[in-house]
Amino acid sequence: MARNYSFVLSLALFFVVCLLIREKLEVNRLKFDIASQRQTFSKSTFVQRNLSDEVGRVTWIVDALPQSGASGASGALLKYGFEWVTPERSEKPILASMPPAEAETAFFSYIQSQQIKCPAKTRIGRNEDGGWDACIAGPFNVSRPCLVYSIGMGGEWSFDYMITGTYKCLDMAYDPTLGKGDHKPNELLWFYNTGLGLTNSVNAHNWKLRTFGSLLKENGHLNSTIDILKMDIEYSEWESLEAIFAERSLRNVKQLMVEFHTMEVHEGKSSSSRNFAYYWQILRGIDRLGFKQWHYLRTPTGGYKSAHTAKQLGCCANVYFVNTAYLL
């Protein structure tokens, strides 16, 4: 009887040890998965995740973003005179499987919709194309000390000269298309012969590309407040923002200004339903991070007749966002 009791006790202890080992292995596996996911975001290795389809890839990234800003910042926004127009955008997806005319209509309706009214704004740079509007209400006002990232100029420097000359901001300017080396046009303006991209690489034009997070790291600005991030990079804004989402590098940006371009200007062909689905996912990512659109301005050039709806549309528009999560 004593031997049987000892055997049963030993067997029970054996199973308990097995369960403990299994639990420990599971905890370690979960820790590894979390660490791997963090590494994926921090190093932008997401492009290697066997997601060759760009819509599937960006959907995975955007779905992982935290929902930030807006509702929690409503009181502070009203205090500074902001007014909500449509705080929450429609989450009805634009799908690659949609008829092109339906996808196109949904995309332009989405990108043109104003979410919030800024009570005070100003023009930085010239009044024509090349200048940009800035919200200057409350905490979004641009005043010293201030830091600006200006990505893409195309030879038009009025924004950069005014942001450094009038507002006395430190301006980190990037454009690899000008054929100019790194230099310092004035005391506060640093120019780099580098572009923004999906990865840190050199492209077919022999242009050096960096992700936004990489630029912040190189300049020691990972924890700095960025008053304005301005982008005009001829269709590369879409994949550059995809990398930005993966790195979570917009968290300290107060205002985002982007000239968005469609396939019509990039390759001279009509945007497909897949293109519109990709564009929408990027805009959805901006919204999820708490950036709310306060202004939309179609550029004076780039008009075209849609092959899908026969409507007169524009390939390019400056779209402006304030980061409501900054107020939390």
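The values are calculated or read from the model by the stated rules, or taken from the named source; none is laboratory data. No experiment lies behind these values; they were computed from the predicted model shown. Here Cβ is always computed from backbone atoms with ideal geometry, including for glycine, and neighbour counts include all displayed protein chains. Areas reflect the complete protein model, heavy atoms only, side chains present, ligands, DNA and RNA absent. Shrake-Rupley method; radii C 1.70, N 1.55, O 1.52, S 1.80 Å.
Miscellaneous remarks
- The range 175-234, residues that are in a strand (DSSP E or B), open to solvent by less than 40 Å² (accessible area, probe 1.4 Å) and under 24 Å from residue 161 (Cβ atoms): 189, 191, 195, 196, 226, 227, 228, 229, 230, 231
- Selection status of residue 280, closer than 18 Å to residue 63 by Cα and touching a Phe, Trp or Tyr at 6+ places or on another chain (Cβ under 7 Å): yes
- Strands (runs of 3 or more DSSP E) enclosed by the range 269-328 - at least 1 residues per element that are of a type in the set (A, V, I, L, M), open to solvent by less than 10 Å² (accessible area, probe 1.4 Å) and under 21 Å from residue 225 (Cβ atoms): 316-323
- Per-region count, the range 80-99, residues open to solvent by 90 Å² or more (accessible area, probe 1.4 Å) and either closer than 14 Å to residue 275 by Cβ or under 22 Å from the mean Cα position of the chain (by Cα) (or both): 4
- Where residue 169 falls short, out of the listed (1) surrounded by 15 or more Cβ atoms within 10 Å (Cβ to Cβ); (2) in contact with a His (Cβ under 9 Å, 6 or more places away or on another chain): (2)
- Any chance residue 219 is within 15 Å of the chain's Cα centre (by Cα) and either farther than 23 Å from residue 276 by Cα or of a type in the set (A, V, I, L, M) (or both): no
- Any chance residue 264 is at pLDDT below 95 and surrounded by 21 or more Cβ atoms within 10 Å (Cβ to Cβ): yes
- Residue 241 vs. criteria assigned to a helix (DSSP H, G or I) and under 12 Å from the mean Cα position of the chain (by Cα): yes
- In summary, residue 162 fulfils each of the numbered conditions (1) in a loop (DSSP other than H, G, I, E, B); (2) over 17 Å from residue 254 (Cα atoms) with the single exception of condition (1).
- Residue tally, condition under 24 Å from the mean Cα position of the chain (by Cα) and of a type in the set (Ser, Thr, Tyr), over the range 302-328: 3
- Residues in the range 129-155 that are within 17 Å of residue 188 (Cβ to Cβ), small (Gly, Ala, Ser) and surrounded by fewer than 20 Cβ atoms within 10 Å (Cβ to Cβ): 143 alone.
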